[in-house]
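Below is one structure, written out as structure tokens; the observations come after it.
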Amino acid sequence: MTALPIEGDGSIDWTVVSHVNGLARHLPSGVDSLLSFLGEYGVPLLSVLLLALAWLGARRRPDAPVAVAGVLWAGIAAGVALVLNVPVRAMVQRPRPFVAHPGRLDLLTNHQANGSFASDHATFTMAVAVGVLLVNRKYGLLAMALAGFEGFLRVFMGVHYPTDVIGGFALGTAATLLLAPIAMAVLVPLTHSLARGSLAPIVLAQRRGRSGRGAVPAAAVTDHPDHPGTGTPTRGDLAA
């Protein structure tokens with residue numbers, strides 16, 4: 001069991017928390033409530049929305065089964081990273097800022113006094129962002145910006161130290177990248193199999209044929225033996 005020391009008044013972590021959280025005193029209560037909602041629920045939901053948009057775009061790509069597998073891994077990786085954070089919190093047992101410094105912060109949300117390191121919200125949003133970035137640069141960069149904003153909000157709300165957020169970012173990134181080769185080795189054959197069955201719309205977007213009658217898979221070319229690129233991708237293969 002490892003315990004991080006309670007940050008004193010002179011520590012960088014406490015200095016940053018006290019200054020960032022202090023901004024709440026100069027903002028209207030409605031703005032504080034909105035930022036608190038975004039930090040607790042809104043930004044993670046927006047990250048999931050970007051994940052869904054990345055999936056819609058992946059279905060239209062020539063390498064759709066591979067790209068969809070990448071999007072699927074982004075979502076799974078976020079869950080895996082959260083699970084990995086459970087033993088991390090149990091080992092570190094770091095008090096949250098509002099617990100270590102009672103009455104000295106404007107706590108903007110009712111929060112459990114559980115372990116502070118690492119931040120679940122930072123872990124989740126960064127895992128999604130890294131996974132999406134491997135598939136779609138535009139949505140991935142937007143997801144990265146959301147993750148950064150989420151990290152700021154968790155400090156602003158008084159529920160995390162900056163190093164809690166950095167630790168969450170590191171955990172989310174490591175879980176997504178290090179486990180990606182194994183995950184993709186399983187998910188790519190799965191999505192190729194789905195593309196050939198009744199669940200093909202999950203993997204392949206449908207588009208109207210030239211005659212206007214019926215529909216053909218927009219990415220059916222990936223199943224043709226004369227077209228390479230149907231195997232497990234590298235990071236460059238996934239990014240668009």
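The values are calculated or read from the model by the stated rules, or taken from the named source; none is laboratory data. These figures come from a predicted structure and were not determined experimentally. A quick note on method: Cβ atoms are made from the backbone with ideal geometry, for glycine too, and the neighbour counts reach across all protein chains shown.
Structure values in brief
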{"read-out": "Conditions (1) loosely packed, with under 15 Cβ neighbours inside 10 Å; (2) within 18 Å of Leu146 (Cβ to Cβ); (3) modelled with pLDDT under 95: number failed by Ser36", "value": "(1)"}
{"read-out": "Neighbours by Cβ (under 7 Å, 6+ apart or cross-chain): first from region 141-155, over 10 Å from Ser47 (Cβ atoms); second among the hydroxyl-bearing types (Ser, Thr, Tyr) and crowded, with 22+ Cβ neighbours inside 10 Å", "value": "Arg154/Ser119"}
{"read-out": "Condition check for Phe149: closer than 30 Å to His101 by Cβ and at pLDDT 95 or above", "value": "yes"}
{"read-out": "Pairs with Cβ under 7 Å, 6+ apart, first in region 23-44 and in contact (Cβ under 8 Å) with a residue 12 or more places away in the chain and of a type in the set (Val, Ile, Thr), second part of a helix (DSSP H, G or I) and crowded, with 19+ Cβ neighbours inside 10 Å", "value": "Val43/Thr125; Val43/Leu146; Val43/Glu150; Val43/Leu153"}
{"read-out": "Checking Arg94 against (1) modelled with pLDDT under 95; (2) over 23 Å from Leu27 (Cα atoms); (3) assigned to a helix (DSSP H, G or I), the condition it does not meet", "value": "(3)"}
{"read-out": "Elements of type helices (runs of 4 or more DSSP H) contained in region 120-213, each with 3 or more residues being closer than 18 Å to Val80 by Cα and not small (Gly, Ala, Ser)", "value": "120-133, 162-195"}
{"read-out": "Residue check, Arg137 in contact with a strand residue (DSSP E or B) (Cβ under 9 Å, 6 or more places away or on another chain) and either more than 16 Å from Ala180 (Cβ to Cβ) or free of Cβ contacts under 8 Å to residues at least 12 places away in the same chain (or both)", "value": "no"}
{"read-out": "All positions within region 1-33 that are polar (S, T, N, Q), loosely packed, with under 13 Cβ neighbours inside 10 Å and at pLDDT below 85", "value": "Thr2"}
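Residue-wise test of (1) under 30 Å from Trp14 (Cβ atoms); (2) in contact with a helix residue (DSSP H, G or I) (Cβ under 8 Å, 6 or more places away or on another chain).
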position	(1), (2)
Arg60	no, no
Pro65	no, yes
Ala69	no, yes
Leu72	no, yes
Pro87	yes, no
Ala90	yes, no
Val99	yes, no
